[in-house]
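This report refers to the structure that appears directly beneath it.
The values are calculated or read from the model by the stated rules, or taken from the named source; none is laboratory data. For clarity, every value in this text was computed on a predicted model and none was experimentally measured. Reconstructed Cβ throughout: ideal geometry from the backbone, glycine too, with neighbour counts over all protein chains shown. Keep in mind that these areas ignore ligands, DNA and RNA; they rest on the heavy atoms of the full protein, side chains included. Shrake-Rupley method; radii C 1.70, N 1.55, O 1.52, S 1.80 Å.
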Amino acid sequence: MKKDLKEGPSLCGLCLEELKGDFLVERLRENIPAVRRKPKAKAPLPPAETKYTDVSSAADSVESTAFIMEQKENMIDKDVELSVVLPGDIIKSTTVHGSKPMMDLLIFLCAQYHLNPSSYTIDLLSAEQNHIKFKPNTPIGMLEVEKVILKPKMLDKKKPTPIIPEKTVR
């Protein structure tokens, strides 16, 4: 007993058995994907064994870290005495609050000495005359700064200076 394929949009397995040998049914069987389950993912490996450290040494390191942080916090709360080297090797002395961020320090110093902050950068020197690297928002009190050098920015020679157009009469 053959059924016409036009009767229904879907064919079940029993209907396909009844229509065995029909060319269209064989083509349909080839195109129906078999339902397969994907294998489950493997469980992650257990964490590596950790070596246990002595509790007293860990407590000592925590205490020393806390002590260092407390010292830095105290430096932020205090005023910092700085010597400022201006362009032309003029040395001035100034006092700023330890919580002042480095970019604010640049603006403060430029305003104090009537300089344009966009034309200058600051370099920091420690008591041992070592350069100190810093981020713009680092408070001055967290760095052990003795000397601040205001340096003019070097203009890139690659960038051409803008040409001002001439006025023309029409």
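Tabulated values for the structure
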item	result
Hz values of 3J(HN,Hα) by residue in region 137-145 - Karplus curve (6.51, -1.76, 1.60), Gly and Pro given as x	9, 6, x, 4, x, 7, 9, 8, 9
Given charges at beta-carbon only (K, R positive; D, E negative), |dipole| of region 79-152 in Debye	240 debye
Heavy-atom surface of region 79-152, accessible at 1.4 Å and reported per residue (Å²)	57 Å²
Apportionment of accessible area to carbon and sulfur, region 79-152, percent (1.4 Å)	55 percent
